[in-house]
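Have a look at the structure below, then the notes.
Derivation of every value follows stated rules applied to the coordinates shown; laboratory data play no part. Just so you know, these numbers come straight off a predicted model, no measurement behind them. Here the Cβ positions follow ideal geometry from the backbone for every residue, glycine too, while neighbour counts run over all protein chains shown.
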Amino acid sequence: MNWLRSDQEVALNEVVRLLREAAERCLAAAERAQDRTLAKLLRTFHEKHEAAASRLVAHSEAEAAVPDPDAEFVHDVVAGLKAALANDTDQAIRSDVLEGEDALEQAARSALAFDLPAAVNDTLNAVLGDVAALRKALET
């Protein structure tokens, strides 16, 4: 087993981890959303993020990262509290999801700085497109 990882592997693993976290965040937010259209949108992006993570793992040396259940639990509790205290639950959900998407966008851009196979570049660019599309949908 190779314990030393290249910067490229670390960057791709981070994108996969953040994709999985964003997917779970979208799914949890969809379950809390009051607006059915928002819930449907978030479920769609849950699926897109999961598919992108799977493609990155399949086309690169990235590991099949699984979100930390303890971290996810804490995040869900905090997000639920924020939503409960907010005047507008759906706006609190939007804010929470956008925060995760911002981290995902930054990681994807960082990974694109490396010399990667075309399939990996295509997937990372698709992730950036998905982040932009979700951001636009949530901000309107």
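See the values below:
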quantity	calculated
Point-to-point label distance, Ala58-Ala118, nm (Cα→Cβ direction, 7 Å offset)	1.7
Computed E for Ser6/Ala103 - FRET, C-beta separation, R0 30 angstrom, nearest 0.05	0.90
Burial order of peptide ranges 106-113, 35-42 (average beta-carbon count within 10 Å, highest first)	106-113, 35-42
